[in-house]
Amino acid sequence: MSAPRLEIDLDKIQHNARTLAQRLADRGIAVTAVMKASLGSPEIARVVLDAGIKSVGDSRMENIEGMRRSGIKAPMMLIRSPMISDVHRVVRYTDLSLNSELAVIRELSSAAKAAGRRHGVVLMVELGDLREGIMPADLAPTIGRMLDMPNIDLKGIGANLACHCGVSPDANNMAELSTLAATIEREFNITLDIISGGNSANLNWALSGADTGRINNLRLGESILLGCEPLHRQPIEGLHTDAITLIAEVIESKTKPSKPWGEIAQTAFGEKVPAADRGNITQAILAIGQQDVDPAGLLAPTGIDIIGASSDHLIVDCSQHRLPVGAEIRFQLNYSAMVRSMTSPFVSKLLRRSSVPIRVPAAANNWHKTRRVVL
Ligand SMILES: *Cc1c(COP(=O)(O)O)cnc(C)c1O
């Protein structure tokens, strides 16, 4: 089988999606499954929708178009502010988008009008993480100016935390979002359908038993795919953390000194090489590198230590246990490693469902441009 490859267990992902959707439903919160970290895989979208999740989101229009073309009909949310250059595609392929700029909403309005469609808008509010969002004091004036824009429906408000500055969702900032929702509804005599509290980083708060107030939506990606929460990267009880694994192949296996010789300058990626002399080590090279994965986000099997990586080579110390050339080594991945591998054209994707694998060949850098091959 070709290497490197991601093995993606659709049944485990489905279990994660179902479990999260059920636990959050008990708290009055619906889930939008965020597909961006899987390159908008329609197969994964299908299993999470079958798990009871009702809507799908992505940050990239290419992924969204691909899912639509593959027959995904669920309500579709663009979770990054639309680019003005993209508004025609946005109104055509999505039902709603997260927004923070009137100039963009104005263009969405014109595009929706031209297309004879309506487009839903969720206004993002800044709650302290300092990525996207309207400052709370500017929310009402912004709404005042968008309410009469043709073909635009204000669907709700939302927030995103823990991405840029690592600010944790908590009782305070979530209560602020709830209060803002109530204030806006009163001031404009409208009803906001969606109060979208955030991403996987909101799970600790949402499942803690705290009052969830008006928050009725979370946009979840990482927790569904990797089974962990992103604040402290702890596994979530009852979820699979190994639904997605990475396999790489050994191309060199030798006993070598641990200490380099010659005059030492920069390495390929500028890091320093550990110069400690540990005597001879059993070293192997795997055919995978920075172009395929974030090596710092790999968790190797017991007995194997990652000691370096360049564009195409991963160097491991295998503790006197020689790995034969041709052997396959399986790694767990964190979010950064997973995203890099999912988007690398060099890493093939093997989807498994009820023991029937579906292979997506390498060099297919977009799911929707790829024909699935059933092995
Ligand atoms: C990526 C993203 C999400 C999903 O985040 P996860 O941590 O993967 O759950 C949700 N909302 C927005 C705006 C995002 O950019």
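The values are calculated or read from the model by the stated rules, or taken from the named source; none is laboratory data. Quantities reported herein were computed from a predicted structural model and do not represent experimental measurements. Virtual Cβ from ideal backbone geometry, glycine too; neighbours counted across all protein chains shown. All accessible areas refer to the heavy atoms of the entire protein, side chains included, with ligands and DNA or RNA removed. Shrake-Rupley method; radii C 1.70, N 1.55, O 1.52, S 1.80 Å.
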Quick one: what are the phi-derived ³J(HN,Hα) couplings along segment 150-157, Karplus 6.51/-1.76/1.60 with θ = phi - 60°, whole Hz, x for glycine and proline? x, 6, 10, 10, 6, 8, x, 10
The distance between the Cα centres of segment 200-272 and segment 185-199, in whole Å, is 33
Taking a probe of 1.4 Å and leaving out DNA, RNA and ligands, the chain shows per residue an accessible area in Å² of 45
Take the alpha carbon atoms of segment 141-177, find their center, do the same for segment 79-114, and report the distance between the two centers in whole angstrom. 16
Computed FRET value (nearest 0.05) for I190 with D11, which takes r as the C-beta separation and R₀ as 41 Å: 0.45
State the three equivalent ellipsoid semi-axes of segment 9-231, derived from the C-alpha gyration tensor as the square roots of 5 times its eigenvalues, in descending order and whole Å. 25, 23, 14
Could you please tell me the mean projected area of the C-alpha convex hull for segment 58-138, averaged over all directions and given in square nanometres to one decimal? 5.5
When the expected Rg is taken as 2.2 N^0.38 Å, what fraction or multiple of it is the alpha-carbon Rg of segment 138-191? 1.31
Expected vector for segment 79-87, Karplus 3J(HN,Hα) from phi with 6.51, -1.76, 1.60 and θ = phi - 60°, integer Hz, x for Gly and Pro, equals 9, 10, 3, x, 7, 4, 5, 10, 4
Which value, in Å to one decimal place, does the Kirkwood hydrodynamic radius take for segment 246-327 when every pair of different Cα atoms is included? 13.2
Contact order relative to length of segment 9-231, as percent, for alpha carbon pairs under 8 angstrom and 6 or more apart: 19
Using the eigenvalues of the Cα gyration tensor, what equivalent ellipsoid semi-axes result for segment 1-127 when each is taken as the square root of five times the eigenvalue, whole Å, largest first? 28, 18, 13
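If you place +1 on the Cβ of every Lys and Arg, -1 on the Cβ of every Asp and Glu, and leave all else neutral, what size is the dipole of the chain about its Cα centre, to the nearest 20 Debye? All intermediate terms of the calculation are to be shown ahead of the outcome.
Numbers: 41 positive and 40 negative charges, 254 e Å.
Taking the Cα centre of the chain as origin, the dipole is about 1220 debye.
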Of the lysine pairs in the chain, how many meet both conditions: Cα atoms under 23 Å apart, and a spacing of 8 or more in sequence or different chains? 19
Write down the percent of antiparallel bridges among all DSSP beta bridges whose residues are both part of the chain, to the nearest 5. 50
Gain in length, R27 to A140, computed as 0.36 nm per residue apart minus the alpha-carbon separation, to one decimal in nm? 37.9 nm
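What are the semi-axes of the equivalent ellipsoid of the chain, taken as the square roots of 5 times the eigenvalues of the Cα gyration tensor, listed largest first and rounded to whole Å? Before the final figure, lay out each step's value.
On the way: eigenvalues 356, 99, 78 Å².
So the equivalent ellipsoid measures 42, 22, 20 Å along its semi-axes.
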Percent relative contact order for the chain, counting Cα pairs under 8 Å at least six residues apart, stands at 18
For segment 17-70, Kirkwood radius (reciprocal of mean inverse C-alpha pair distance, Å): 11.3
Using a basic spin-label model with each label point 7 Å from the Cα along Cα→Cβ, how many nm lie between A171 and Q266? 5.1
Ordering of 236-245, 6-15, 212-221 by packing [mean C-beta count within 10 Å, highest first]: 212-221, 6-15, 236-245
